[in-house]
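Take a look at the structure set out below.
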Amino acid sequence: QVQLVESGGGLMQPGGSLRLSCASSVSIASINFIHWYRQASGKQRELVATINRAAMTTYGDSVKGRFTISRDNGKNAVYLQMNNLKPEDTAVYYCHAFDTSGINAWGQGTQVTVNS
């Protein structure tokens, strides 16, 4: 059973930066995909970024060039560095681990609020 715990959210002014962390209860080295999603109030959950086992990354159009996803297999953690934050980045951010072996786990989410 994989448990994921997000942290690092908070209140930030536009243009600022935050770094989210996703800590896993098990080794992430063999997990094929780890995603960051976000869900703003009243909106559907949106895929923000993905990192695969080979550390290849993809990003949603709205965050390209501003957000960076990374993983540290030694610490069983995945990170989301968010720069040049905008009010439209306000959302609850979730970590999701998926693997064809049957892993399909979500964290509880961390709130990010961007306003002045």
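GNM, the chain, Cα, under 10 Å: largest mean-square fluctuation among K64, K86, K43?
Of K64, K86, K43, the Gaussian network model singles out K43 as fluctuating most.
For the chain, with a Gaussian network of springs between Cα atoms less than 10 Å apart, report the residue from T50, T90, T100 with the top mean-square fluctuation.
Highest fluctuation of the listed residues: T100.
Leaving out ligands, DNA and RNA, and with a 1.4 Å probe, what % of the accessible surface on the chain is carbon or sulfur?
Taking all protein chains in place, the chain shows 48 percent carbon and sulfur surface.
With +1 on the Cβ of every Lys and Arg and -1 on the Cβ of every Asp and Glu, and nothing else charged, how large is the dipole of the chain about its Cα centre, in debye rounded to the nearest 20?
Values: 10 positive and 7 negative charges, 22 e Å.
Dipole about the Cα centre, nearest 20: 100 debye.
For region 48-116, treating each Cα as an identical point scatterer without solvent, what Debye log10 I(q)/I(0) comes out at q = 0.16, 0.22, 0.26, 0.27 1/Å?
Debye curve over Cα of region 48-116, log10 I(q)/I(0) at q = 0.16, 0.22, 0.26, 0.27 Å⁻¹: -0.62, -1.11, -1.38, -1.43.
Using a 1.4 Å probe, what is the accessible area per residue for the chain, in Å²?
Ligands and nucleic acids excluded, the figure is 52 Å² per residue.
Where the Cα atoms of the chain are projected onto their three principal axes, how long is each span, largest first, in whole Å?
43, 25, 23
The values are calculated or read from the model by the stated rules, or taken from the named source; none is laboratory data. Please read all numbers here as calculations on a predicted model, not as lab measurements. Please note: Cβ atoms are built from the backbone with ideal geometry, for glycine as well, and neighbour counts cover all protein chains shown. These area figures cover heavy atoms from the full protein model, side chains too; ligands, DNA and RNA do not enter into them. Shrake-Rupley method; radii C 1.70, N 1.55, O 1.52, S 1.80 Å.
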